[in-house]
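Sharing a structure, written as structure tokens. Questions coming.
Read the figures in this text as sums done on the coordinates, not as results from a lab. A quick note: this is a predicted structure, and the numbers were derived from the prediction, not measured. Ideal geometry is used to build each Cβ from the backbone, glycine not excepted, and the neighbour counts take in all protein chains shown.
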Amino acid sequence: MKVNIESIPPEGCHLTLGPTEGWFVQILSSIFGNKFSDPSGKVTLNRLEDLVTFFAQVNVVVSYECDRCLNSFHKPYHFEFKMNLLPQIDDDIDFASYQDHCINLDHLIHESLILELPISILCNPECKGLCMQCGHDLNLSPCPLHPA
């Protein structure tokens, strides 16, 4: 979704995000596939001349398999992003910017979500994983066949 900065009123632009917003659901689908539920959030854009402040909140529940024990679990996320955007001056400069008086919300939200996700997905930080020899879930009990 693109927003022309000229359309941002003095009191700011407020958007509600939910499961009926196709562009929002498409962003979440590109990151989480079909393993998410309860998408919601809001976006606020405020403008002072060429400076635009972008603030977003995104809530979503994601179904995962633990990287250590392979058990399924649901993880609720609450993400918050805030950044100041300026007009793009040079293609080589890498900072938050917009082009042609338009802000690409899809890109901003997608990139911000990707940067917030953990590298390793664990059912809990204390997960013991699986026995490396037989696959017994060590969260349930020590392996009866291969004691440590």
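Which residue fluctuates most in the GNM of the chain (Cα springs below 10 Å): Cys102, Cys131, Cys13?
The residue with the greatest mean-square fluctuation here is Cys131.
With a Förster radius of 41 Å, plug the Cβ-Cβ distance of Ile119 and Thr20 into 1/(1 + (r/R0)^6) and report the FRET value to the nearest 0.05.
0.80
Continuing with this model, one more query. Taking only DSSP H segments of four or more residues, each worth -39500 (n - 2.57), what value at 222 nm results for the chain once the sum is divided by all its residues, to the nearest 500 deg cm²/dmol?
Details: 2 runs with 23 residues, N = 148.
It comes out at -5000 deg cm²/dmol, rounded to the nearest 500.
Ok, one more. On average over all directions, what projected area in square nanometres does the chain have, based on the convex hull of its Cα atoms?
Taking the Cα atoms of the chain, their convex hull projects to 11.6 nm² on average.
Still on this structure: Pull out the extension gain between Val61 and Leu140, defined as 0.36 nm times the separation in residues minus the alpha carbon to alpha carbon distance; nm, one decimal. Intermediate values should be presented prior to the final figure.
Values: separation 79, 0.36 × 79 = 28.44 nm, distance 2.53 nm.
Taking 0.36 nm per residue and subtracting the Cα distance, the gain is 25.9 nm.
If we count other beta carbons within 10 Å of each Cβ, what is the order of Met1, Met83, Met132, fewest first?
Ascending number of Cβ neighbours within 10 Å: Met132, Met83, Met1.
Continuing with this model, one more query. If I model a spin label as a point 7 Å beyond the Cα along the Cα-Cβ vector, how far apart are those points for Asn4 and Gln99 in nm?
Label-label distance for Asn4 and Gln99, simple model: 1.8 nm.
Between Lys128, Lys82, Lys35, which gets the highest mean-square fluctuation from a Gaussian network model of the chain, Cα cutoff 10 Å?
Lys128
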